[in-house]
1. What is the distance in Å between the Cα centroid of region 106-135 and that of region 176-193?
2. Using Cα pairs closer than 8 Å and at least 6 residues apart in sequence, work out the relative contact order for the chain, in percent.
3. Just grab the label-to-label distance for Ile52 and Leu176, each label 7 Å out from Cα along the Cβ direction, in nm (one decimal).
4. Go through region 1-51 and name the chymotrypsin sites (Phe, Trp or Tyr not before Pro) that are in a DSSP coil and have 12 or fewer other Cβ atoms within 10 Å of their Cβ.
5. Suppose each label sits 7 Å from its Cα in the direction of the beta carbon; what would the Leu195-Leu116 distance come out to in nanometres?
6. Would you compute, for the Cα atoms of region 79-194, the largest minus smallest coordinate along each principal axis and list the three values in descending order, in whole Å?
7. What do you get when you divide the Cα radius of gyration of the chain by 2.2 N^0.38 Å, with N the number of residues?
8. For the Cα atoms of the chain, what angle does the longest principal axis make with the long axis of helix 113-130, in degrees from 0 to 90, nearest 10?
Amino acid sequence: MKKFLVWTVVGLAILLVLVALLGILYGFWIVGSTIWYGARELKPEVFVPLSITVLTAILGLSATLYSQNRIRKREIEAAYRERKVEIYLDFLKTLESLFVAAKPDLGQEPIDQNALVLKLMDIRTKAVLWGSTGVLQALSDLTKMGDAPSPRSMFRVMERIQREMRRDLGLSNFGLAQDFFSKMALTDPDELDKLQ
């Protein structure tokens, strides 16, 4: 009985939407036919300038609305871009500190794992509000790696995150070889191929 009631309500809602659409189409038909028959009765010296004026007004209004929409989108993207750059730069600096700490000959202090996890969680939290879908998915892949990921898989995820961040900022990855960012971080780029 309950399913019958639900299907009845859904059917009525669909019927109402169809009736509303038919009413709107009928209204457009009436207006269009009135304009058409009215325009046929006008003399060409009145009809041509009138139609050109109406067409110019419609095109001008459309162009103005389109350009205002584009300007508004650009302003919003510019405001978001500043936040994104800040978050992504913070991630890259964290990544840089990891690579520097991994090289004992540079004499840096080892990174506190708890501080690193907190820093990455902070970056992820900020990215939830400002990052693109691609960045969020790549960061999600990073969190799914577990406690002891293989170095090769870690480099792959870091590569993907950096590429998604660049894409989100409107930068192109065209021309960058596969594993470009991973190999750039290594002293010997061929070392990546030897990792398991």
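1. Rounded to whole Å, the Cα centres lie 22 Å apart.
2. Values: 76 pairs, mean separation 26.7, N = 196.
This gives 14 percent for the chain.
3. 5.4 nm
4. Sparse-neighbourhood loop chymotrypsin sites (Phe, Trp or Tyr not before Pro): none present.
5. Here the modelled spin labels are 1.2 nm apart.
6. Here the spans come out as 41, 35, 25 Å, largest first.
7. On the way: Rg = 29.7 Å, N = 196, 2.2 N^0.38 = 16.3 Å.
With N residues counted in the chain, Rg over 2.2 N^0.38 Å equals 1.82.
8. Orientation of helix 113-130: about 10 degrees from the principal axis.
A short reminder: the numbers here are calculations on the coordinates, not readings from a lab. As the structure is a prediction and not an experimental result, all values here were calculated from the model. Reconstructed Cβ throughout: ideal geometry from the backbone, glycine too, with neighbour counts over all protein chains shown.
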